[in-house]
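Q: To start, I am sharing the structure in question, which I have written as structure tokens.
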């Protein structure tokens with residue numbers, strides 16, 4: 001195995017309270033703290049660990065997004081990734097960008113850079129699509145091992161433990177392959193200040209959508225984005241009899 | 001790195017880390033500064049070494065705290 005490609009997405013920080021735009025077209029992103037998608041951090045950590053274990057020779061991070069995505073790439077570089085690729089796309093185009101387009105870009109870059117393994121976060125915490133890894137595997141016609149919670153080297157491939165409903169599934173896969181990282185795969189390291197400074201020297205290649213030749217025409221349309229329903233206030237009941245009668249009234253007994 | 005430079009590096013690292021402290025970041029940063037100032041007259045290299053070690057330990061603790069907070073938030077959101 002030689003090269004590993006990881007995906008990093010710049011999303012609104014997990015600790016930020018999300019606000020929906022009044023016109024229901026999306027969420028407020030201006031002036032809001034952004035950081036790397038937590039599941040992508042797990043993917044980066046796994047790739048860097050593979051490099052430390054000499055299972056991989058080079059780790060490349062790819063981010064698709066506006067100019068600020070470079071900061072996210074820097075964080076990945078500070079965690080131990082060797083070099084970054086940034087496909088710049090901004091404004092309206094970025095808002096309309098969908099997992100299918102991203103996966104086509106990943107497929108293209110993986111082929112151009114001759115990668116043997118792609119590790120992605122299982123989903124981004126902003127749109128929660130959970131599609132990119134699966135679609136990338138389909139675009140490349142590579143095997144996929146999604147929701148990985150442990151990755152080990154096996155003869156001529158990898159042994160991956162997957163998180164499935166109510167248990168674990170162990171599969172073996174040949175390389176090249178696409179893996180998506182689940183929450184329990186590892187604990188990502190912190191991008192420390194000295195490492196961030198060092199990461200400034202690492203190269204980031206800038207590309208445009210035209211360079212990768214992917215048609216970014218949207219395949220679906222977002223009709224409206226709305227807040228989840230607000231929880232209704234409870235009430236305090238004076239005694240058991242009222243409780244019983246209330247429950248009966250609501251049809252719970 | 002000389003001992004002095006190590007102390008400075010530790011201070012910078014801690015200040016950088018504390019910027020993201022979930023509760024009151026400013027208060028933590030000031031607290032950290034005060035802790036360093038309190039011991040600024042220490043000259044015994046052995047004692048300074050002990051303090052650096054303690055500082056490094058605190059740094060690890062904070063990093064772990066952040067990781068755990070993120071993990072718990074994700075677990076609560078997607079797995080519970």
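What follows is calculated from the coordinates using simple rules that are stated; it is not laboratory data. Note that the coordinates shown come from a computational prediction; the quantities given were computed from them, not determined experimentally. We place every Cβ from the backbone using ideal geometry, glycine too, and count neighbours over all the protein chains shown.
Q: Filter the stretch A:209-248 for residues that are surrounded by 10 or more Cβ atoms within 10 Å (Cβ to Cβ) and not in a loop (DSSP other than H, G, I, E, B) and give the result.
A: Listed by number, the residues that qualify are A:209, A:211, A:212, A:242, A:243, A:244, A:245, A:246, A:247, A:248.
Q: Of all residues in the stretch A:1-23, which are more than 16 Å from residue A:109 (Cα to Cα), in contact with a helix residue (DSSP H, G or I) (Cβ under 9 Å, 6 or more places away or on another chain) and in contact (Cβ under 8 Å) with a residue 60 or more places away in the chain?
A: Listed by number, the residues that qualify are A:1, A:10, A:11, A:14.
Q: Same structure, new question: So if I check each of B:17, B:10, which one is more than 9 Å from every other protein chain (Cβ to nearest Cβ) and out of contact with any strand residue (DSSP E or B) (no Cβ under 6 Å at 6 or more places or on another chain)?
A: That would be B:10, the only listed residue that is more than 9 Å from every other protein chain (Cβ to nearest Cβ) and out of contact with any strand residue (DSSP E or B) (no Cβ under 6 Å at 6 or more places or on another chain).
Q: Do the conditions hold for residue B:67, that is, is it out of contact with any strand residue (DSSP E or B) (no Cβ under 9 Å at 6 or more places or on another chain), more than 10 Å from every other protein chain (Cβ to nearest Cβ) and under 26 Å from residue A:188 (Cβ atoms)?
A: So residue B:67 fails the test.
Q: Quick check: anything in the stretch A:182-192 surrounded by fewer than 14 Cβ atoms within 10 Å (Cβ to Cβ) and either away from chain B (no Cβ under 13 Å) or more than 18 Å from the chain's Cα centre (by Cα) (or both)?
A: No.
Q: When you go through A:109, A:60 one by one, which is the residue that is touching a residue at least 24 places away in the same chain (Cβ under 8 Å), closer than 22 Å to residue A:2 by Cβ and assigned to a helix (DSSP H, G or I)?
A: After applying the criteria, what remains is A:109.
Q: Which condition number does residue B:51 fail, the rest of (1) more than 14 Å from chain A (Cβ to nearest Cβ); (2) outside any helix (DSSP H, G or I) being met?
A: Going through (1) more than 14 Å from chain A (Cβ to nearest Cβ); (2) outside any helix (DSSP H, G or I) one by one, residue B:51 breaks only (2).
Q: Further, regarding this structure: Which members of the stretch B:21-48 meet the condition of being touching a helix residue (DSSP H, G or I) at 6+ places or on another chain (Cβ under 8 Å), part of a helix (DSSP H, G or I) and either within 11 Å of chain A (Cβ to nearest Cβ) or surrounded by fewer than 11 Cβ atoms within 10 Å (Cβ to Cβ) (or both)?
A: B:45
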